[in-house]
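Computed from the coordinates by the stated procedures, all read-outs in this text should not be read as laboratory data. All of these numbers come straight from a predicted model, not from anything done at the bench. Glycine gets a Cβ as well: all are built from the backbone with ideal geometry, and neighbour counts include every protein chain shown.
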Amino acid sequence: PAVTSPCKILKCNSEFWAATSGSHHLGAEEAPEFCTALRAYAHCTRRTARTCRGDLAYHSAVHGIDDLMVQHNCSKDGPTSQPRLRTLPPGDSQERSDSPEICHYEKSFHKHSAAPNYTHCGLFGDPHLRTFTDTFQTCKVQGAWPLIDNNYLNVQVTNTPVLPGSSATATSKLTIIFKSFQECVDQKVYQAEMDELPAAFVDGSKNGGDKHGANSLKITEKVSGQHIEIQAKYIGTTIVVRQVGRYLTFAVRMPEEVVNAVEDRDSQGLYLCLRGCPLNQQIDFQTIRSAQATEGRARRKGPSLPAPPEAFTYETATAKCREKLPVEDLYFQSCVFDLLTTGDVNFMLAAYYAFEDVKMLHSNKDKLHLYERTRDLTPGNTAPTGTHPTLWVALLCLCWLCLL
């Protein structure tokens, strides 16, 4: 089974925020309820203390609880249930109409130039990457890899094997760091892991902090535990994070100006959403898919052990993916590939939601579907001139059958 962190500080943070949402300006009558929520928060951190010793978010939460206890004259002894406190009425949810214009990217941009050009990057499945330049790749990238690294934010994913000994990996952890920006936002960190998709930053907040334009950075929970959206208006950026099955998907809409805002351009080689995966980490899943299809046809003609009942054949995987992805583009093909390599139907849903995010986030509706293979083969991997790689796979399979 894939490994997940035993430290549950993110769960403690999100529970505290859920209990105190909308209570930043407490009246005297609500202070006891706030203290109750604080004690529950402290109790939650104590339960996970042993497994969180080296976690910075944990230590930050512990110190923050102590400070809040003092500020609100809360006793450490008392009830620890978490009643839902009064929320602010619609239209009064801390929105500041007088936020600095610099904290709204589109408003400040339109004054000195044409409308910004937006780009999209997404990561899903086993894992499949669509870069800001609409290149589509399937990658190994096991372990921690940076997706985005520019002057405004960093995004890092951790990919772990889906099954012990399997080469199939999927995203089990995601960390997003929004860097402090002028009078708009303080530095904020968002972290999600398998089975934990918080609707708040690691410090429990849902906006950019105490600065005047704090609400130019916001987290919104679309579906509890399954779908969150982060709006960073000060850089014109929208981020969508989902948990599908046990694994995470990531999608972003970002202006080109922000995409290319880096001080050290030499470091962009590690910026996967811009440069793609290193060549030695890429998988040509279309050739593998063709081989699997050929092998499936060969299996029906020659002696072979039947596939396990829980495994997908090429035909059943194709039929399953067609239920959600009727257009046979690269999202459809990646769905088939993932079902064949993992046997987990949730990967079909990951491909489906990834395409739904593309429809929402991509600025060019004519480029939603991608069809062509985008992996560049190295000289050592190229097929002989005039011969298609799929034909060579078929010929090898026929030779194998002749030897049976």
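Can you tell me the FRET efficiency between residue 11 and residue 167 if r is taken as the Cβ-Cβ distance and R0 is 45 Å, rounded to the nearest 0.05? Spell out each step's value before the answer.
Details: r = 31 Å, r/R0 = 0.69.
Working from the Cβ atoms, E equals 0.90.
Out of every Cα pair in the range 102-276, what percent are spaced more than 20 Å from each other?
52 percent
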Highest average packing first - 338-347, 323-332, Cβ atoms within 10 Å: 338-347, 323-332
Residue 260-residue 115 pseudo-label distance in nm [points 7 Å out on the Cα-to-Cβ vector]: 2.0 nm
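Fully extended, how many nm does the chain gain between residue 77 and residue 187 (0.36 nm per residue separation, minus their Cα-Cα distance)? Mind showing how you got there, number by number?
Working: separation 110, 0.36 × 110 = 39.60 nm, distance 3.31 nm.
My answer for the length gained is 36.3 nm.
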Restraint check, 107/324; 107/211; 179/365; 179/324; 76/222; 76/206, Cα-Cα greater than 28 Å: 107/324; 179/365; 179/324; 76/222
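What does the C-alpha gyration tensor say about the overall shape of the range 116-168? Classify as rounded when a/c is under 1.5, otherwise prolate if a/b is larger than b/c, or oblate. Mind showing how you got there, number by number?
Details: a/c = 3.71, a/b = 1.75, b/c = 2.12.
Verdict is oblate for the range 116-168.
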Two-site label geometry, residue 224 and residue 356: point separation in nm, points 7 Å out along Cα→Cβ: 1.9 nm
Hz values of 3J(HN,Hα) by residue in the range 117-124 - Karplus curve (6.51, -1.76, 1.60), Gly and Pro given as x: 9, 8, 10, 9, 9, x, 9, 7
Spin-label pair residue 180/residue 320, simplified geometry with 7 Å Cα→Cβ offset, distance in nm: 4.9 nm
For the range 148-160, 3J(HN,Hα) per residue [Karplus equation, 6.51 cos²θ - 1.76 cosθ + 1.60, θ = phi - 60°, Hz, x = Gly/Pro]: 9, 8, 9, 5, 10, 7, 10, 10, 10, 10, 10, 10, 10
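How would you rank 164-175, 56-67, 122-133, highest first, on the average number of other Cβ atoms within 10 Å across their residues?
My ranking of the peptides, most packed first, is 122-133, 164-175, 56-67.
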Additional length obtainable on full extension of the chain from residue 59 to residue 203, 0.36 nm per residue less Cα span: 50.8 nm
Residue-span extension gain [residue 280 to residue 210] - 0.36 nm each, minus C-alpha spacing: 20.8 nm
